[in-house]
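Working notes, structure below.
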Amino acid sequence: MSKKIEHVMVIGAGQMGAGIAQVAAMNGYTVTLHDTKMELAEKGIAGIKKRLERDVAKERLSESDLARFLRLIQPSDQIGNAEHADLIIEAAVENMAIKKNIFAQLDSFAPKHAVLATNTSSLPITELAAATSRPEKVIGMHFMNPVPVMKLVEVIRGLQTSDAAFKAVEAVAKAMKKTPVEVNDFPGFVSNRILMPMINEAIFTVYEGVSTPEDIDNVMKLGMNHPMGPLTLADFIGLDTCLYIMEVLHEGFGDDKYRPCPLLRKYVNAGWLGKKTGRGFYVYD
Ligand code: CAA
């Protein structure tokens, strides 16, 4: 663990993975952005370029910095590229079987000193770690969406995570100009254990006809100073993700207070997943 972290590989070039790659490159790390197909990795990089070009247009980033950041990010469709990485941050789909498969492969390709982190929002780090031969170097590194804007990173210790791995990841989060928070591995960690029951309760409030989505959001925006109301935020996160996390909490704690609202389940079954499908609690063009 004494080797300094210089090369970060990000697995998954979706919204979270591309955001993490962008922030890593902007803070001087060499980055490999990996996905299952080269087009997907390149699409992730194209999204980063578009966001940075907006910053150039707003005159808060120079053309030369933009070019420098982009030069630091290489696309990949070969998981074997993990052999160059000091830290790997997995941001693939929230599916335990898929993540275990990725971690088993990373374990065989990544150098011995490399730390394997996951951006999971709710899956158990301890179980994922057990799919590798280096559970002491497996850790949660949970970024918030949108990654370039949000300051928090939950750094989650699995049962066997070493202090050295924790310190290394904490230092990377700080170098990325984020605020790391130390969390132990329990369902939903801290962020989603608190956020999701609030969102679920807002959905129950719609379900029971207490008020409209607009007014419920206004209560929390204007009354509690939240930047987005809980139903807008649910649409932004994805209703499928919200349901999934509520199920993890419900199963993990076995307590009825985490029961997903039937209306949430109904919307997900209808394919109303929020902003990404054009409809959730609101309609998007
Ligand atoms: N990428 C990069 N920058 C972005 C962005 C994105 N996807 N979205 C917005 N921004 C930037 C904008 O460029 C803008 O910057 P400037 O003002 O400097 O130009 C700034 O953020 C503000 O954007 P807007 O004025 O368009 O809108 P806003 O004031 O409503 O801010 C927001 C947008 C930052 C997303 C704000 O609404 C917010 O904080 N919402 C809550 C976000 C939140 O709770 N995230 C956590 C979700 S839960 C999660 O991620 C974890 C999980 O496990 C589910």
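If you plug the beta carbon distance of Lys50 and Asp256 into 1/(1 + (r/R0)^6) with R0 = 45 Å, you get a FRET efficiency near 0.50.
Charge dipole of the stretch 128-285 (Cα centre as origin; +1 on each Lys and Arg Cβ, -1 on each Asp and Glu Cβ, all else neutral): 540 debye, rounded to the nearest 20.
When the chain is treated as a Gaussian network with alpha carbon springs shorter than 10 Å, the biggest mean-square fluctuation among Ala117, Ala97, Ala24 belongs to Ala97.
Rolling a 1.4 Å probe over the protein heavy atoms gives the chain an accessible area of 48 Å² per residue.
Under Stokes-Einstein, with the Kirkwood radius over Cα pairs standing in for Rh, what whole-number D in µm²/s applies to the chain at 37 °C and 0.692 mPa s? The partial results should precede the final answer.
Numbers: Rh = 19.7 Å.
Diffusion coefficient, whole number: 167 µm²/s.
Taking Asp77, Asp235, Asp163 in turn, the Gaussian network model of the chain (Cα-Cα springs below 10 Å) assigns the largest fluctuation to Asp163.
With N as its number of residues, the stretch 20-178 has a Cα radius of gyration that, divided by 2.2 N^0.38 Å, comes to 1.03.
Label positions at His226 and Ser133, each projected 7 Å from the Cα along the C-beta direction, are separated by 4.7 nm.
State the percentage of accessible surface on the stretch 212-259 attributable to carbon and sulfur atoms; use a 1.4 Å probe and exclude ligands, DNA and RNA.
On the way: 1360 of 2550 Å².
That fraction is 53 percent.
Positive-end ranking of Val181, Tyr207, Ala168 along the dipole of the stretch 164-229, with charges on Cβ about the Cα centre, is headed by Ala168. Distance from the alpha carbon centroid of the stretch 188-252 to that of the stretch 73-113 works out to 32 angstrom.
Full-extension gain between Asn101 and Lys151, please, as 0.36 nm times their residue separation minus the C-alpha to C-alpha distance. Could you put the intermediate results ahead of the total?
On the way: separation 50, 0.36 × 50 = 18.00 nm, distance 3.00 nm.
Full extension from Asn101 to Lys151 adds 15.0 nm.
The slack in the chain from Arg60 to Lys177, taken as 0.36 nm per residue of separation less the alpha-carbon distance, amounts to 40.4 nm. In sequence order, the stretch 86-95 has phi-based couplings of 9, 9, 10, 10, 8, 9, 8, 5, 7, 9 Hz under the Karplus curve 6.51 cos²θ - 1.76 cosθ + 1.60, θ = phi - 60°, and Gly or Pro positions carry x.
Is there a quick way to get the dipole size of the chain? I mean about its Cα centre, with the Cβ of Lys and Arg at +1 and of Asp and Glu at -1; what is the value in debye to the nearest 20? Could the numbers behind the result be given before it?
Numbers: 32 positive and 34 negative charges, 124 e Å.
Taking the Cα centre of the chain as origin, the dipole is about 600 debye.
Counting Lys and Arg as +1 and Asp and Glu as -1 over every other residue whose Cβ lies under 13 Å from the Cβ of Pro135, the net charge comes to 0. Using a probe of 1.4 Å on the protein chains alone, the accessible area found for Arg279 is around 100 Å². Pop out the carbon and sulfur fraction of the accessible area of the stretch 2-102 as a percent, whole number, probe 1.4 Å. Solvent-exposed carbon and sulfur of the stretch 2-102 make up 51 percent of the total. Using θ = phi - 60° in the Karplus curve 6.51 cos²θ - 1.76 cosθ + 1.60, the 3J(HN,Hα) couplings for the stretch 256-270 round to 4, 5, 9, 4, x, 5, x, 5, 4, 4, 5, 4, 5, 5, 7 Hz; x is entered for Gly and Pro.
Counted over the stretch 147-285 with a bin width of 10 Å, the fraction of Cα pairs per bin, in whole percents, is 11, 34, 32, 18, 4, 0.
Residue-wise HN-Hα couplings along the stretch 59-75, as the Karplus relation 6.51 cos²θ - 1.76 cosθ + 1.60 with θ = phi - 60° gives them from phi, are 6, 10, 8, 8, 4, 5, 5, 4, 4, 5, 4, 5, 5, 7, 10, 10, x Hz; Gly and Pro carry x. Annotation: Ser108 carries an accessible surface of approximately 90 Å², with a 1.4 Å probe and no ligand, DNA or RNA atoms counted.
The values are calculated or read from the model by the stated rules, or taken from the named source; none is laboratory data. Note that the structure is predicted; figures quoted are calculated from it, not measured. With ideal geometry, Cβ positions are generated from the backbone for all residues, glycine too; neighbour counts draw on all protein chains shown. Remember, those area values only see protein heavy atoms, side chains included, never the ligands or the DNA or RNA. Shrake-Rupley method; radii C 1.70, N 1.55, O 1.52, S 1.80 Å.
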